[in-house]
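Below is one structure, written out as structure tokens; comments come after it.
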Amino acid sequence: MKKILITGTTGMVGYYIDYADWHLDVVKVTRSDFDIRYLDQVNSYFDSIDFEIEIIIHLAAETDVDKCEKDFDHAFMVNTVGTQNMVYQALKLDVPLLYTSTVGIFGGDGSLGPFNEFSPPCPANKYGLSKLYGEQIVRNHLSRYFIVRPGWMMGGVDKDKKFVMKIIKQIQSSKKEIFGIDEIIGSPTYAKELMYNISQLIKTQLWGTYHCTNGGKMSRYDMAKMICEHFDPSIKVTPVKSDYFDLPAHRALSEYSENRMLDIRNLNFMSSSETALKTYLDEIATALKQG
């Protein structure tokens, strides 16, 4: 029987693999199996497997925006060369590939969106550039592919190193005031819903590029306010401008997205941003109670 092979299964999105609705058995690949940066390791793994692959889902990536800015060689090796190495396997095996990119390929020109699958890319930082290069490799070499673009990622509870968990850690450290940028907007993406949507998309042969974010837009201030209201309403949440934080990577003013192609294909299973964030906060609260 053919199987679905998924890279990056120890990350935020991979955390929810078992919650999705797969039509075939899934093989979870981690860095202990191979490092996507090195073609010899990737080739060795694929040469050794004793099962057939129906599709490769490539989740593995370097998603730390500031780390990518400080070390573009690393970002390029993981997000661009690593993707190229997976594309080679798809070509050799004659199977389709799904590549998770990012809405972060937009907004570098100051546009506010909402961005859709037909908007011209213009990354604001090196992370977005490295992911855009990955997209170009997929399109240039494969005829059967899905490129899926999430937005501001949230999910994974203990795997979460993004904004939501950073705010919760501030709450846990007894902060009396938390600051959130109010001039930058984006579309949050709950990894659990993203994983489910991917499991449905790959059942089709509707190849192409798809935005997959939760509906609507929020600012980081909006999100911080919701998080504090959920866990400790006594905390003051103060809006600030982006220059309040001294971050290595420039952030676009907008990563606001719409899932135009998923809507057209009746494949959009993503809830609103507010609903998704509340659901995720409930998930975190339950996990914290359980220890």
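Scanning segment 231-247 for residues that are loosely packed, with under 13 Cβ neighbours inside 10 Å and in a loop (DSSP other than H, G, I, E, B) returns PRO233, SER234, LYS241, PHE245, ASP246.
Say we look at segment 33-83 and pick out the residues that are in a helix (DSSP H, G or I) and touching a Pro at 6+ places or on another chain (Cβ under 7 Å); which of these is farthest from LYS3 (Cα to Cα)?
LYS70
Among the candidates GLU193, GLU135, GLU183, which residue alone is part of a loop (DSSP other than H, G, I, E, B) and of a type in the set (Asp, Glu)?
On the way: GLU193 fails: part of a loop (DSSP other than H, G, I, E, B); GLU135 fails: part of a loop (DSSP other than H, G, I, E, B).
Step by step, each of GLU193, GLU135, GLU183 is checked, and only GLU183 is part of a loop (DSSP other than H, G, I, E, B) and of a type in the set (Asp, Glu).
The listed residues are LYS3, LYS28, and the only one of them that is without any contact (Cβ under 8 Å) to a residue 40 or more places away in the chain and not acidic (Asp, Glu) turns out to be LYS28. Look at (1) small (Gly, Ala, Ser); (2) open to solvent by 50 Å² or more (accessible area, probe 1.4 Å); (3) closer than 23 Å to GLN200 by Cβ and you find that ALA20 fails only one, number (2).
Pairs meeting the criteria (first residue in segment 185-213 and open to solvent by 10 Å² or more (accessible area, probe 1.4 Å), second residue assigned to a helix (DSSP H, G or I) and polar (S, T, N, Q), beta carbons under 9 Å, at least 6 apart or on different chains) are LYS192/THR279; GLU193/THR279. Within the set SER219, SER174, the sole residue that is without any contact (Cβ under 8 Å) to a residue 40 or more places away in the chain and either surrounded by fewer than 16 Cβ atoms within 10 Å (Cβ to Cβ) or of a type in the set (Phe, Trp, Tyr) (or both) turns out to be SER174.
Would a scan of segment 156-170 turn up a residue that is assigned to a loop (DSSP other than H, G, I, E, B) and over 16 Å from the mean Cα position of the chain (by Cα)? No: zero hits. Could you please let me know if PHE76 is open to solvent by 20 Å² or more (accessible area, probe 1.4 Å) and in contact with a strand residue (DSSP E or B) (Cβ under 6 Å, 6 or more places away or on another chain)? Criteria not met by PHE76. For segment 269-291, what are the residues that are surrounded by fewer than 20 Cβ atoms within 10 Å (Cβ to Cβ) and under 17 Å from TYR210 (Cβ atoms)? Hits for segment 269-291 are PHE269, SER271.
Exactly one residue out of VAL103, VAL164, VAL148 is open to solvent by less than 10 Å² (accessible area, probe 1.4 Å) and in contact with an Asp or Glu (Cβ under 6 Å, 6 or more places away or on another chain), and it is VAL103.
The values are calculated or read from the model by the stated rules, or taken from the named source; none is laboratory data. This structure is a prediction, so every number in the text was calculated from the model and none was measured. In this analysis, Cβ positions are derived from the backbone assuming ideal geometry, glycine residues included, and neighbour counts consider all displayed protein chains. Accessible surface areas use protein heavy atoms only, side chains included; no ligands, DNA or RNA. Shrake-Rupley method; radii C 1.70, N 1.55, O 1.52, S 1.80 Å.
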